[in-house]
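Data first, discussion second: the structure below is written as structure tokens.
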Amino acid sequence: MSKSIQSVQCEHLDKMDIVWDRPDTLIDVPMHYCPGCGHSVVHRLIMEVVQELNIQDITIGVAPVGCSVFSYNYMDVDMQEAAHGRATAVATGIKRVLPDKIIYSYQGDGDLAAIGTAETIHTINRGENIVMIFVNNGIYGMTGGQMAPTTLKGSVTSTTPTGRDLSIHGHPLNIAEMIAILPGAYYVTRQAVNSAKTVRKTKKALLRGFKNQIDGKGGVSFIEVVSNCPSGWKMTPLQSNKWLDDNMLGTYPLGDIKVPEKIA
């Protein structure tokens, strides 16, 4: 009797090499982010880095208000919630009290680049030895899709129904370029997660940022991740990834912005 198609498929799968598996540092529960949201990808990359560097037991993450607030549901490391915009201040306190711990903040654009601008600037100016992960999707994703400091010119949001008008609302804020001039910024880069290629580069940047802290380089490693928001942008995930390529990257070009000379 010939083998069933199902049994042949199972035998084939048994012989296949596993090229990716969920890192043990990522909690095995369904994620509730909107379909296609880049947050889930960034979560996975951070936890892959934590596992590969074997720093799970000494890592502490800080997440404030916004979509980032849910990260403690998925990242299997010690987590501390912060008030809106205050993540880097909280991260500073933890790092100074527990200098042997690896500390990172995980923040969105409405948080880090709006209500938290002061904390962001002063944390970097002090040169705190932490990692700051900044997810920029150009909108307030959690609270209804309002205009954020990073919203592009002409973009329609719930608070700019006719599009962002520069004469009224000002220009999109390039926070990474702004902080790169501060002496306390050790490493500043902007990456994305809308394709396999950009995901790989983002992971490389995260690895570098965490290694900088482990090696005690001093100064902030700031990693901006340009992401999509299908729900806030009123698009399908595929449409939002293409829109990111066609629109976001013109204002927020990818690549290293400030790299120490010895690793340039």
Legend entry - Among the residues listed as Tyr104, Tyr72, the single one being under 17 Å from the mean Cα position of the chain (by Cα), among the hydroxyl-bearing types (Ser, Thr, Tyr) and under 19 Å from Tyr33 (Cα atoms): Tyr72
Inset, instruction - Scan (1) touching a residue at least 60 places away in the same chain (Cβ under 8 Å); (2) surrounded by fewer than 22 Cβ atoms within 10 Å (Cβ to Cβ); (3) over 22 Å from Val226 (Cα atoms); (4) aliphatic (A, V, I, L, M) for the single condition Leu98 breaks and write down its number. - result: (1)
Inset, instruction - Evaluate segment 125-132: report whether one residue or more is among the basic types (Lys, Arg), in contact (Cβ under 8 Å) with a residue 40 or more places away in the chain and in a helix (DSSP H, G or I). - result: yes
Legend entry - Check on Ala91, touching a helix residue (DSSP H, G or I) at 6+ places or on another chain (Cβ under 8 Å), farther than 18 Å from Phe210 by Cα and either buried (at least 20 other Cβ atoms within 10 Å of the Cβ) or modelled with pLDDT under 90 (or both): no
Legend entry - Members of segment 205-250 that are closer than 21 Å to Lys101 by Cβ, surrounded by fewer than 16 Cβ atoms within 10 Å (Cβ to Cβ) and among the β-branched types (Val, Ile, Thr): Ile214
Legend entry - Options Val42, Val65; residue that is within 18 Å of Val225 (Cβ to Cβ), among the hydrophobic types (A, V, I, L, M, F, W, C) and either in contact (Cβ under 8 Å) with a residue 60 or more places away in the chain or buried (at least 21 other Cβ atoms within 10 Å of the Cβ) (or both): Val42
Inset, instruction - Test Lys204 against the criterion of being under 14 Å from the mean Cα position of the chain (by Cα), over 24 Å from Thr92 (Cα atoms), of a type in the set (Lys, Arg) and not in a strand (DSSP E or B), and give yes or no. - result: yes
Inset, instruction - Might you let me know whether segment 149-165 holds any residue that is touching a helix residue (DSSP H, G or I) at 6+ places or on another chain (Cβ under 9 Å), basic (Lys, Arg) and part of a loop (DSSP other than H, G, I, E, B)? - result: yes
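Residue by residue, here is whether (1) modelled with pLDDT of 95 or more; (2) more than 15 Å from Ile133 (Cβ to Cβ); (3) under 14 Å from the mean Cα position of the chain (by Cα); (4) in a loop (DSSP other than H, G, I, E, B) holds:
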{"site": "Ser7", "(1), (2), (3), (4)": "no, yes, no, no"}
{"site": "Leu13", "(1), (2), (3), (4)": "no, yes, no, no"}
{"site": "Arg22", "(1), (2), (3), (4)": "no, yes, no, yes"}
{"site": "Glu48", "(1), (2), (3), (4)": "yes, no, yes, no"}
Inset, instruction - Check Gly250 against each of (1) part of a helix (DSSP H, G or I); (2) in contact with a Pro (Cβ under 9 Å, 6 or more places away or on another chain) and name the one condition it does not meet. - result: (2)
Inset, instruction - Scan (1) among the polar types (S, T, N, Q); (2) touching a helix residue (DSSP H, G or I) at 6+ places or on another chain (Cβ under 8 Å); (3) buried (at least 22 other Cβ atoms within 10 Å of the Cβ) for the single condition Ser195 breaks and write down its number. - result: (3)
Legend entry - Residues located in segment 170-192, provided they are more than 19 Å from Asn125 (Cα to Cα) and surrounded by fewer than 18 Cβ atoms within 10 Å (Cβ to Cβ): Gly170, His171
Inset, instruction - Quick one: count up the residues across segment 166-179 that are in contact with a helix residue (DSSP H, G or I) (Cβ under 9 Å, 6 or more places away or on another chain) and outside any loop (DSSP other than H, G, I, E, B). - result: 3
Inset, instruction - Look at Ile18 and say whether it is out of contact with any strand residue (DSSP E or B) (no Cβ under 6 Å at 6 or more places or on another chain), closer than 30 Å to Asn241 by Cα and at pLDDT 90 or above. - result: no
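The values are calculated or read from the model by the stated rules, or taken from the named source; none is laboratory data. Since this is a predicted model, take the numbers as computed values, not measurements. Backbone-built Cβ (ideal geometry, glycine too); neighbour counts: all protein chains shown.
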